[in-house]
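Worksheet: the structure to be examined is printed underneath.
The values are calculated or read from the model by the stated rules, or taken from the named source; none is laboratory data. Predicted, not measured: the structure shown is a model, and the values here were computed from it. Because the Cβ atoms are built from the backbone with ideal geometry, glycine has one as well, and the counts that use them run over all protein chains shown.
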Amino acid sequence: MDDLKLALALNAVAPTIGGVLVRGEKGTAKSTVVRALAALLPEQAALDACRFGCDPLGPDPE
C-alpha cells in the first residue's frame, strides 16, 4: 500500500510521469485510495464539450 500511495502522490505533483496503473485483488481498497486522493486534489477547469475533460487553456480538443 505504501508503494501505491507514493506512486499516486508523485503522479499528482508530476503529471508528466504519465499515470498510475492500480492493480490488485478484489477488496484491497484500490478504488478507495484513488477516491481519497481525488478528494484531496484541487478543482480543475474542464471543457464541457470535451468528453475527456480537456483543459480549456490547452490545445483544441478536435
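Looking across segment 1-59, the residues that are in a helix (DSSP H, G or I), exposed (fewer than 10 other Cβ atoms within 10 Å of the Cβ) and either touching a Cys at 6+ places or on another chain (Cβ under 6 Å) or of a type in the set (D, E, K, R) (or both) come down to ASP2, ASP3.
A Cβ distance below 9 Å, combined with a sequence gap of six or more or placement on separate chains, defines the contacts here; from segment 17-39, residues that are closer than 12 Å to LYS5 by Cα reach residues that are surrounded by fewer than 12 Cβ atoms within 10 Å (Cβ to Cβ) in the pairs VAL22/SER31; ALA29/MET1; LYS30/ARG23; LYS30/GLY24; VAL33/MET1. Residues considered: LEU37, LEU47, LEU6. Of these, the only one that is aliphatic (A, V, I, L, M) and at pLDDT below 85 is LEU47.
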